[in-house]
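Every read-out reported here was derived from the displayed coordinates using simple, explicitly stated rules and does not represent laboratory data. Everything quoted here is computed from the prediction, not taken from an experiment.
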């Protein structure tokens with residue numbers, strides 16, 4: 001995917017926004033080609049230097065930017081020259097999707113293997129053991145706890161997991177082998 005295409009992709013825009021937040025988005029959304037200092041970016045984008053540095057550090061932590069230090073021989077000051085590496089974004093997104101799939105699968109298993117009770121007044125959910133400890137009465141309002149059917153939640157997780165597996169091209173039966 002070409003650099004411009006990457007930056008125009010709404011999924012990638014959302015990913016960058018989630019990483020750097022609204023204050024850092026101007027830095028992430030229009031990275032210059034070649035090396036640039038944080039001061040140059042702050043001036044060019046009319047942003048606070050701390051916001052630029054925060055965004056650059058987040059991009060660095062996610063392997064989307066790197067820097068090299070240059071020492072001014074006269075003053076001894078260090079200058080950081082930043083370079084952006086957005087070619088790593090597709091791989092980062094795939095890793096993020098894999099983490100999400102794992103979390104969904106773990107939560108789905110938890111939902112399948114536990115029985116839940118609900119206070120319909122307070123909307124507080126209890127596992128069976130907790131509900132039993134409370135005498136099947138809500139500790140907040142003393143209303144009776146009703147058995148909760150979480151089949152729709154489990155089904156939604158199944159569907160989301162299947163969609164992610166398809167997107168990641170993961171064999172659904174790979175774990176069964």
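Observations on the model:
- From the coordinates shown, Cα Rg over 2.2 N^0.38 Å corresponds to which of (1) 1.54; (2) 1.12; (3) 0.97: (1)
- Full extension of the chain segment joining residue 8 with residue 168 gains 55.4 nm, where the gain is 0.36 nm per residue of separation less the Cα-Cα distance.
- For the range 4-67, taking the reciprocal of the average inverse distance between every pair of different Cα atoms yields a Kirkwood hydrodynamic radius of 11.7 Å.
- Computed log10 I(q)/I(0) for the range 33-105 at 0.24 Å⁻¹: -1.08, from the Debye equation with unit scatterers placed on every C-alpha and solvent omitted.
- Quotient of Cα Rg and 2.2 N^0.38 Å for the range 76-171, N being how many residues it contains: 1.75
- With the helix formula -39500 (n - 2.57) applied to DSSP H stretches of n ≥ 4, the chain reaches a computed 222 nm mean residue ellipticity of -17500 deg cm²/dmol.
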